[in-house]
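In what follows, a structure is listed as structure tokens, so that the remarks can point back to it.
The values are calculated or read from the model by the stated rules, or taken from the named source; none is laboratory data. Here the structure is a predicted model, which means the values were calculated and not measured. When we count neighbours, we look across all protein chains shown, and the Cβ atoms used for this are built from the backbone with ideal geometry, even at glycine.
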Amino acid sequence: MASAEQNLAVEATNKNVQLEQSIIGNSELGEDTQQFLTFILAGQEYGVDILRVQEIKGWDAVTQVPNTPEYVRGVINLRGTIVPIIDLRIRFSMEQLEYGPTTVVIVLKVMSGDDSSRIMGIVVDGVSDVYNVKNDEIKAAPDFGEGVDSSFVSGLATVEEKMVIILDIDHMLNSDELAKVNKISDGE
Amino acid sequence: MTFDMSQFLVTFYEESFEGLDIMETELLALDVGEADLETINTIFRAAHSIKGGSGTFGLNDVATFTHVMETLLDEMRDGKRDVTQEGVNILLESVDVLREMLSTLQAEEELDVERIAIVKQKLDNLLAGDSTEAASPIVEEQPSVAENNITDTQTMDTSTAGSSGWVINFKPHVGMLQTGNDPVRMFRELSTLGDFSAELDTSNLPEFLLMEPENSALSWVLTLKGDIPKSEIEEVFDWVEDDCDLTITAITSSFPADEEIAEAEIISETEEPKPIKEVPVETPIPQAADSATSEKPEAKAKRKVTTEASSIRVSIDKVDELINMVGELVITQSMLSQLGEEEEFGEEHLEKLKNGLMQLERNTREMQENVMRIRMLPISFVFQRFPRLVHDLSGKLDKKIELVLSGESTELDKTVMEKIGDPLVHLVRNSLDHGIESPEVRLAAGKPETGEIHLNAFHEGGNIVIEITDDGAGLNLEKILSKAKSSGIVGENDKLVDEDIADLIFRPGFSTADVVSDVSGRGVGMDVVRRNIRALGGTVDVKTKAGEGSVFTIRLPLTLAILDGQSIVVGDEVYIVPLVAIVESIQVDTSLVNGITGQAEVYRLRDEYIPIVKLCDIFNVKPLHDNMEDGLLVVVEAEGKKVALLVDDLLGQQQVVIKSLETNFKSIEGISGATILGDGTVALILDVTGLITISKQNTKAGNSKTPTSVAA
């Protein structure tokens, strides 16, 4: 068990180093190009704005929080702050998968409407790559009809003949039960 | 000015607000008729500091206003003027206005010019009017007052009228250069304001042989073109004000009219000042507000953030104590590191190591306590606003009320203090308004005419307790009950004890005045009071006796940052229960567990029946033990109600640092926060009040909801 964890840690570090290199290597970007970190979820590649990624870490035990939706796996201690962890498979109503050595938590900075930001983690099957995508290469998500909720998708991009779904994390992690409840008024 | 003054602004505001508080307190303590000279002196000094500071920072409105107050106080101090109730009231009002001015300036908002003008007018009237001594000293004062008015009006006019520029006659006194002021520097600064030209007058220049290079003999006529507020020009000359002859005149087309008004003001000020002041004031306000707000909204937003950073004053004793402790800590550390360098580690070293670690633990704990104490301030900071409140309100309500304060030196956390102010004001206002009866009613009831409100604070356990006691009529329980029944909050046949009925006033449904009649209208916003106090992790309850009065008791944690907790185990999870909430922990004796209609269970503890709350059900956690007798019951109490929490095991007691769940997530019912345990994992802190509420809801719902399972 311990060695498996170590392997995982090593693997995660290697991956991080690779990613870092690819980010550094592509630092000279035009204004019309964005970088996306992509990850795998049920065989499909999803992308998030790389500037929002705080860190990538291996899956570790969480503290469950009662009376929260099932996709909120719990909270973890990230260097002294309490960070909620969301399972994206459950969030997207996908089949659940046993967490394996490639399962990682991507820690993201999520902006709320009122200029405040929150730190949240998402559990995904594995990180994939970093791509540079020109803004005009991102296509709007087609309307899937009523059966599919496409509101979390901000666009579709084609990279190396593959489709990458670009996620709108602000929308995704602020909706429904994750919405920040307004603080109790001061009674003034 | 070439260096950045803004860094001192924060301190200026802080000190000014403190000064205002002092002025207020002392004014209230002032005996009308025979005023204590020292008291007036204190007020005067506070006003004087504010005036001085505001002048330096170019807050001319504040300086002008304070100047008038100061003049009035000066006359009182010199015995030229009697201290009248009217005078004190106007001064109190001025303190309010000043506070408003300063806080609006601090927030970079527009001043309420109208209000300022009205109060200033009152002050002026008082000054111009019935002084005890004949005209001579006042006449001297008069021009300065009038002058200030001119500055005032001109500033306002020119900031809006779009004047084309200014002509400045600048004639330095002989010694100005010796004070280190350089006209060239000032001119350079002026030239940044607009189109600048200077005309040099050398007529006073002595012959070359007679010339003293350190004396200034030159004078200038400066022209500055552009739409510039006069205050900005004055600011440039701030430092040389007393060392030169300076006149600043506008070159606008409207200038002659302006001068007429100003002249008229000087003349009529002595006789009948009222109408004149209003003429120049009223028209420019809206424009001033408009132009300024539209001009730089960005700068405003930025500024607000910086002013929010508050500071705290710490007594030197506390700091010294901390320094001592750090010293001890260093000694312990060096002792331990010496041990670490020992080549061979024997039995006696182990003993030393243990001692060292114990010492380290004690040092750390003491340090922590003391660092926490830095944030602690005496509650008098909150209490001191009440004499004024009671003074004002009792006058308005025609009631005679004496306010007694005790325990003012009780300390509590600054954050808690900031947030407890409003709920307290609300409660005191309620006691004044609805608790204390009018003098006639009191006399008829055989009570002393003057009612008493007692504010008391003290420590109890790990809590601070604040009591608000009044000797008024008490709550009208019957009326509350009947209203509660008619509005459906309470069922027709429910049996309620008196405490429960009194507690109804904290229900949201009771938050409007018309729910309970105006005879005893308590409950206005009481739900807000309770909610705010709960948000601080505290409780509030009320005890009342008809005809004798009521006591509101607020219990608050001493600090929001640290908590003494008991770790408990439920299933695989560790939770923290605040130690103050725990009454006792017992092993389950199943013979004492009784079911109530198959839905809820109660535990008979001595002569009490206590509802059992199964944490595993509420939190959807699979318990370690299936049988209840293998678990433990933790009896907890909040707001006078007890419940027994069924847990799997108890771990140790420890101090935990409270972390917010809301920062990155949201608040969860029954959970007040989270903390990080020694091994780095997160444990949730239980909110006992919230748990009691949840357990009640569950019982009401008849436990019909089977808990939805969570994938582990």
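Below is a table of values for the structure above.
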item	result
Residues satisfying the stated conditions in region B:602-640, i.e. of a type in the set (D, E, K, R) and farther than 30 Å from B:ARG531 by Cβ	B:ARG604, B:ARG606, B:ASP607, B:LYS622, B:ASP626, B:GLU629, B:ASP630
Residues located in region B:194-230, provided they are touching a residue at least 60 places away in the same chain (Cβ under 8 Å) and out of contact with any Leu (no Cβ under 9 Å at 6 or more places or on another chain)	B:LYS225, B:ASP227, B:PRO229, B:LYS230
Failed criterion for A:GLU95 (all others in (1) at the interface with chain B (Cβ under 10 Å from one of its Cβ atoms); (2) more than 27 Å from B:THR681 (Cβ to Cβ); (3) not aliphatic (A, V, I, L, M) hold)	(1)
Residue satisfying condition, being away from every other protein chain (no Cβ under 14 Å) and over 26 Å from B:MET372 (Cα atoms), within set B:PRO578, B:PRO611	B:PRO611
Strands (runs of 3 or more DSSP E) completely within region B:618-707 that count 3 or more residues being out of contact with any Pro (no Cβ under 9 Å at 6 or more places or on another chain) and within 14 Å of chain A (Cβ to nearest Cβ)	B:671-676
Qualifying positions in region A:66-76 - modelled with pLDDT of 90 or more and within 7 Å of chain B (Cβ to nearest Cβ)	A:VAL75, A:ILE76
Filter result (over 11 Å from B:LEU123 (Cβ atoms) and touching a residue at least 60 places away in the same chain (Cβ under 8 Å)) within region B:65-97	B:GLU75, B:VAL88, B:LEU92, B:VAL95
Top-ranked residue in region B:344-364 [being closer than 30 Å to B:ILE562 by Cα and touching a residue at least 12 places away in the same chain (Cβ under 8 Å); ranked as surrounded by the most Cβ atoms within 10 Å (Cβ to Cβ)]	B:ASN363
Single match in B:GLY690, B:GLY640, B:GLY652 (criterion: modelled with pLDDT of 80 or more and either loosely packed, with under 14 Cβ neighbours inside 10 Å or of a type in the set (Asp, Glu) (or both))	B:GLY652
Near pairs, Cβ below 9 angstrom, 6+ apart or cross-chain, from region B:164-193 (in contact (Cβ under 8 Å) with a residue 12 or more places away in the chain) to any residue that is of a type in the set (Lys, Arg) and in a helix (DSSP H, G or I)	B:TRP166/B:LYS230
Any chance B:ILE90 is farther than 23 Å from B:SER311 by Cβ and either surrounded by 17 or more Cβ atoms within 10 Å (Cβ to Cβ) or assigned by TED's automatic domain parsing to the domain that holds B:VAL390 (or both)	yes
Residue in region B:376-399 that is β-branched (Val, Ile, Thr) and within 14 Å of another protein chain (Cβ to nearest Cβ) present	no
Hey, A:PRO84 within 13 Å of another protein chain (Cβ to nearest Cβ), at pLDDT 85 or above and either in contact with a strand residue (DSSP E or B) (Cβ under 6 Å, 6 or more places away or on another chain) or surrounded by 15 or more Cβ atoms within 10 Å (Cβ to Cβ) (or both) or not	yes
Among (1) over 13 Å from A:PRO66 (Cβ atoms); (2) touching a residue at least 12 places away in the same chain (Cβ under 8 Å); (3) among the β-branched types (Val, Ile, Thr), the one test that B:THR663 misses	(2)
The one condition in (1) in a strand (DSSP E or B); (2) more than 11 Å from every other protein chain (Cβ to nearest Cβ); (3) closer than 25 Å to B:VAL569 by Cβ that A:GLU45 fails to fulfil	(3)
Count - residues of region A:57-97 that are assigned to a loop (DSSP other than H, G, I, E, B) and at negative phi	16
The lone exception for B:THR675 - which of (1) surrounded by fewer than 21 Cβ atoms within 10 Å (Cβ to Cβ); (2) hydroxyl-bearing (Ser, Thr, Tyr); (3) modelled with pLDDT of 85 or more it fails	(1)
Tally of residues being of a type outside the set (Gly, Ala, Ser) and either touching an Asp or Glu at 6+ places or on another chain (Cβ under 9 Å) or surrounded by fewer than 18 Cβ atoms within 10 Å (Cβ to Cβ) (or both) across region A:51-65	8
Any chance A:ILE119 is surrounded by 14 or more Cβ atoms within 10 Å (Cβ to Cβ), within 29 Å of B:VAL574 (Cα to Cα), touching a residue at least 12 places away in the same chain (Cβ under 8 Å) and more than 10 Å from chain B (Cβ to nearest Cβ)	no
Selection count, region B:182-219, where residues are under 50 Å from the mean Cα position of the chain (by Cα) and part of a loop (DSSP other than H, G, I, E, B)	4
Close pairs (6 angstrom Cβ cut-off, 6 or more residues apart or separate chains): on the phi < 0 side of the Ramachandran plot in region B:465-490, of a type in the set (Phe, Trp, Tyr) and buried (at least 19 other Cβ atoms within 10 Å of the Cβ) anywhere	B:ILE468/B:PHE552
Subset of region A:42-66 [farther than 16 Å from A:LEU88 by Cα and of a type in the set (Val, Ile, Thr)]	A:ILE50, A:THR63, A:VAL65
Members of region B:602-617 found to be outside any loop (DSSP other than H, G, I, E, B) and without any contact (Cβ under 8 Å) to a residue 12 or more places away in the chain, listed by number	B:VAL602
